[in-house]
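Here is the structure we will look at, set down as structure tokens.
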Amino acid sequence: TTTTTTTSNHNTHSHSGNHHNHHHNHNSDSHNDNHNEQSTNNTKFYPFARHININHLTTLVEEGIPNILFSDICTLNDFVVEVDVLKDDIISTIESLKPNSEIKYPGSCFGTVVSSLIDLLEEHSVAAGNAEFAHVRVLNFLTQIPSLGSGKCLSQQMQPTKNPLKPSHNFYEKQGKRCVSLGGVCFDLYILSSKFIDLATFQPLAHITGGVVLLYEDTENITLPQDIARQVDPQLQLVGTQVVLRLRCSTEMSISQTLPILEEDKSVDQLYRIPFMHSNDFFSFDINFTSGDAFSATSFDVQGVIQMACAFTYFDEKGRLQRHLRIHTFGYQPTDTEDRVYAGVKSDIVMSLLCRKVLKNCYDSGNFAQSRELLFDWLTLLASRVITRIPDNELGNPMIANSELISRIFYYHHSLRLFPHLIWCLILNPIIAETSVHADERAYLYTLLRTLSPEALIKCIRPQINGYIGIDGSPIERDFPLSMNWIEKSKANIFTADNFRHFIIFYTQKVGNIPFPPTSSSFLGGEIEERKHLYITSPKIIYCRDEDSQSRHFQVCLLNDSKIDSKSFGYDTFLGEVASELSKVIKK
């Protein structure tokens with residue numbers, strides 16, 4: 001099933017509909033008949049299946065060349081709805097979207113429908129004097145691989161050596177660029193499938209237009225309605241279109257790359273054009289010195305300066321289209337000592353940039369083993385730079401194990417202490433892990449990790465575990481070590497694990513007579529509710545007890561007990577290998 005819904009945030013207009021490629025009786029959808037009667041302003045909101053000549057479509061599908069005109073499905077006026085007026089109707093329809101295993105679908109011609117919709121928007125734009133579509137969102141729901149028509153994707157068996165992060169073709173990239181020319185049409189992708197659908201191939205449609213991509217592992221306790229509501233509610237996030245971003249640096253520095261890669265203006269240096277931006281989008285900029293001299297010795301009393309100017313179009317509270325400009329100027333004090341550089345390090349910011357560089361390497365080369373090796377080498381080289389702070393009696397002490405030595409080396413630099421563990425956790429992350437990972441899972445993580453805030457990205461890399469005595473008190477300890485040994489020794493009876501996509505509440509065997517799950521009025525119940533609304537997407541809430549089937553979700557978060565490859569096990573083994581490599585670097 002492929003569903004396409006278009007919405008707009010600000011009382012202007014939006015578009016909605018579904019496209020089902022299956023044999024379906026036009027009159028069987030009684031829910032949607034009632035749904036239309038309740039809609040206000042005589043605005044229609046319905047699945048595309050009600051408007052397709054099924055026999056005609058089936059013939060085209062059998063011939064393998066579905067050729068659908070969007071205007072044959074419905075007119076643009078029929079496709080238009082006001083989000084604020086019909087929000088309840090939209091959410092109600094979305095809640096009814098579930099894959100039906102009893103219906104055999106001949107296939108999905110997602111690309112054909114997308115292309116036909118853009119054709120219709122372009123025709124409307126020309127007829128209206130090249131009018132632009134500001135703040136138009138097209139919400140697409142897919143439960144199977146687009147296997148028919150334009151932009152069709154091949155099964156995984158037909159492309160076994162394909163880089164799971166790269167598209168098989170550029171059809172959806174071209175459609176995304178067509179949307180950009182319309183001045184603000186954004187495509188969001190909601191994937192409801194555990195089977196291979198080749199997400200990497202049609203993901204550029206969302207990336208280029210500034211849309212979101214969300215993958216749902218199953219339909220049980222699905223957070224899709226909440227995620228949709230958050231996307232279309234202007235009170236929850238500011239959305240800007242036709243964004244122009246300009247960065248300037250001191251003459252000693254320059255922007256070497258943007259992560260993710262942004263479209264740079266061909267005529268103006270360091271000016272980037274972004275068609276659609278959310279208020280919670282994050283970008284990284286890699287800044288290098290323009291020469292080996294960096295800042296001269298006489299310029300230490302002058303700050304290094306980075307200035308950012310961002311212009312964007314948005315709707316104000318009264319629904320009026322406004323153009324806004326923000327300018328930020330940052331000053332940084334140069335230094336000639338490494339210790340002062342390390343003192344200013346923020347681990348989440350550094351890991352955010354490092355992760356994006358790793359993702360780029362995975363995309364360019366498809367070599368995930370190489371990315372793991374690069375992270376290992378990066379940590380080893382950093383250790384070789386900061387080892388000078390460790391006392392000589394510790395460096396040569398045979399009583400100190402290799403694994404403990406690495407921890408002590410970083411201990412003397414407070415801002416660097418977390419790096420060994422963060423690197424270990426990133427190496428274990430499914431995006432580059434050696435273990436077998438679903439191709440669409442890798443493609444989704446690639447899309448997710450490169451735009452998350454540093455705070456959220458760290459949770460994706462290193463789950464945050466907190467411990468509670470009961471459900472009515474604050475945590476007795478935060479950021480537990482990710483090991484069952486620490487969990488068993490703790491005085492806490494209940495633990496929460498937050499890895500961004502899941503929020504897990506784990507009851508140990510010693511919990512006693514405490515309500516399960518936590519009551520909504522309890523302190524822990526309040527924290528769970530607050531976590532649902534912390535980011536742009538709601539996590540899947542999982543309640544589990546020790547030794548029940550759901551507890552595996554909590555155990556997956558205990559990365560210190562995980563293996564890094566087929567030969568070595570555990571975090572201590574990893575640190576020992578870093579220490580061994582460090583000794584070779586020092587000898588060289």
(message) Assuming 0.36 nm per residue, please report the length gained on full extension of the stretch HIS169 to SER194 beyond their Cα-Cα distance.
(response) 6.8 nm
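Here are some pairs, LYS166/LYS584; LYS357/LYS540; LYS177/LYS360; LYS360/LYS489; LYS318/LYS357; LYS195/LYS459; which of them have Cα atoms lying more than 30 Å apart in this structure? Show your work: numbers first, answer last.
On the way: LYS166/LYS584 37 Å; LYS357/LYS540 28 Å; LYS177/LYS360 21 Å; LYS360/LYS489 40 Å; LYS318/LYS357 41 Å; LYS195/LYS459 26 Å.
Cα-Cα > 30 Å for LYS166/LYS584; LYS360/LYS489; LYS318/LYS357; rest within.
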(message) With a 1.4 Å probe and all protein chains kept in place, how much accessible area does MET277 have, in Å² rounded to the nearest 10?
(response) 40 Å²
(request) Based solely on C-alpha atoms, express the radius of gyration and the Dmax of segment 165-208 in angstrom. (result) 11.1, 34
(request) Distance between Cα centroids, segment 416-455 to segment 154-169: provide it in whole Å. (result) 21 Å
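Where Lys and Arg each count +1 and Asp and Glu each count -1, what net charge lies around GLY473 among other residues with Cβ under 14 Å from its Cβ? Display every interim value, and only then the final one.
Details: positive: ARG478, LYS491; negative: ASP472, GLU477, GLU527.
Summing Lys/Arg as +1 and Asp/Glu as -1 gives -1.
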(request) Give me the net charge of ASP546's neighbourhood, meaning all other residues with Cβ under 12 Å from the Cβ of ASP546; Lys, Arg count +1, Asp, Glu -1. (result) 0
(request) Return the loop-located GluC sites (Glu not before Pro) in segment 111-203 (DSSP other than H, G, I, E, B) with at most 16 other Cβ atoms within 10 Å of their own Cβ; answer none if there are none. (result) GLU132
(request) Report, by chain and number, residues whose modeled amide H sits under 5 Å from the one on GLU263, excluding near sequence neighbours (fewer than 5 apart, same chain). (result) ARG273
(request) Give the Rg/Rh ratio for segment 508-568, taking Rg as the radius of gyration of the Cα atoms and Rh as the Kirkwood radius, to two decimals. (result) 1.07
(request) Arrange the peptides 437-447, 194-204, 263-273, 503-513 so that the one whose residues have, on average, the most other Cβ atoms within 10 Å appears first. (result) 194-204, 437-447, 503-513, 263-273
(message) Using a 7 Å offset from the Cα along the Cα-to-Cβ direction at both LYS318 and GLN157, what is the distance between the two label points in nm, to one decimal?
(response) 6.3 nm
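The values are calculated or read from the model by the stated rules, or taken from the named source; none is laboratory data. Quick caveat, the model's predicted, so the values are computed rather than measured. Quick reminder, even Gly has a Cβ in these numbers, built from the backbone with ideal geometry, and neighbours come from all protein chains shown. Surface accessibility is based on the protein's heavy atoms, side chains included, excluding ligands, DNA and RNA. Shrake-Rupley method; radii C 1.70, N 1.55, O 1.52, S 1.80 Å.
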